[in-house]
1. Starting from one equal scatterer on each C-alpha and no solvent at all, send me the Debye-based log10 I(q)/I(0) for the chain at q = 0.09, 0.11, 0.13 Å⁻¹, two decimals.
2. Chymotrypsin sites (Phe, Trp or Tyr not before Pro) within segment 175-282: which are DSSP loop residues with at most 15 other Cβ atoms inside 10 Å?
3. In segment 129-150, which residues have a backbone nitrogen under 19 Å from the label point lying 7 Å from residue 182's Cα in the Cα-to-Cβ direction?
4. Considering the alpha-carbon set of segment 120-278 alone, what are its Rg and its Dmax in angstrom?
5. Pulled fully out, how much extra length does the chain show between residue 254 and residue 53, if you take 0.36 nm times their separation in residues and subtract their Cα-Cα distance?
6. What do you get for the angle between helix 41-55 and the principal long axis of the chain? Use alpha-carbon atoms, 0 to 90 degrees, nearest ten.
7. Considering all projection directions equally, how large on average is the shadow of the alpha-carbon convex hull of segment 159-253, in square nanometres?
8. Note down the relative contact order for the chain as a percent, whole number, built from C-alpha pairs under 8 angstrom at least six residues apart.
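Computed from the coordinates by the stated procedures, all read-outs in this text should not be read as laboratory data. What you are looking at is a predicted structure, and each value in this text was computed from that prediction instead of being measured. Heads up, the Cβs are rebuilt from the backbone with ideal geometry, glycines too, and the neighbour counts pull from every protein chain shown.
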Amino acid sequence: MRRRGFLAGASVFAATGFPDVAQAAGRFRLGLTPVFLDNDADVIHHLRTAFSQAMGEPVDLIQRRTYQEITAAILDGSVDAAWICGYPFLQHRDSLALLGVPVWQGRPLYQSYLIVRADDEAKGLQDLRRHVHAFSDPDSNSGYLVTASDLSRVGETPDSFFSRSVFTYGHRNVVRAVASGLTRSGSVDGYVWETLASVEPSLTSRTKVLAKSEWLGFPPFAARADKAQDPSILNFSAALRGLAASPAGREALRLLYLDGVQEGDASLFDGIAARMAELEVR
């Protein structure tokens with residue numbers, strides 16, 4: 001059950017008939033991206049059930065392909081709130097309000113992993129020069145910013161350092177690209193890699209972790225700052241932090257390998273802000 005909940009493809013959003021924005025009038029709209037992990041109908045069903053029951057109103061889950069698209073959807077009002085990443089949250093800090101931060105293995109933190117094939121002899125990032133690298137999304141902290149800022153520290157950019165880099169728009173796709181040899185290396189969300197190691201070891205066993213970043217703020221839930229005190233947003237925030245209180249919420253958390261969602265604080269993302277500053281200096 002957990003394996004299927006984590007690994008099924010993003011196509012289930014279309015298959016289960018989720019409404020588009022025009023159809024969602026009068027319903028709370030929560031945005032998700034496939035960049036974070038591959039969701040399936042079980043996860044979606046339990047999340048939607050838990051939120052709808054706790055909020056006392058219908059909740060629609062709306063997917064977009066990239067962080068840029070889902071962040072734009074928050075800002076233009078196409079969705080009421082969304083599960084994004086610390087990087088775009090900080091890029092639009094003045095326009096976004098923090099609603100909650102997931103807790104994984106007891107903390108609201110995760111790491112970025114630099115991975116290569118299991119039989120690769122590379123010892124560190126410098127050994128990957130002039131080879132092909134897989135990133136997840138240009139607005140992903142773990143799937144882009146960490147490696148880009150590491151390169152900035154030594155006077156390099158992804159374009160100058162790698163022979164070529166590609167965006168896979170999905171952390172599992174990064175692992176696939178490296179495991180299959182399509183790229184020599186990849187930047188991936190450590191939470192996703194560790195979960196895949198539990199549920200799909202045949203995939204992650206073909207890769208190994210070459211380096212880990214410092215602990216950074218886990219991808220948060222956010223809404224538009226000027227809507228943060230709206231009754232619907234306050235209602236959603238309470239439902240979000242109370243997920244573990246309902247059977248449907250507990251099942252969604254189990255399928256996502258998360259402990260719960262806490263209120264959180266913007267200071268959790270100070271490490272990401274520091275890496276963003278390094279890129280800006282260059």
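1. Log-scaled intensity ratios, in q order: -0.40, -0.60, -0.84.
2. 215
3. 131-140, 143-144
4. Final numbers for Rg and Dmax: 18.0, 55 Å.
5. Result: 70.5 nm gained on full extension.
6. Compared with the principal axis, the helix lies near 40 degrees.
7. Result: 9.3 nm².
8. Reported as a whole number, the value is 28 percent.
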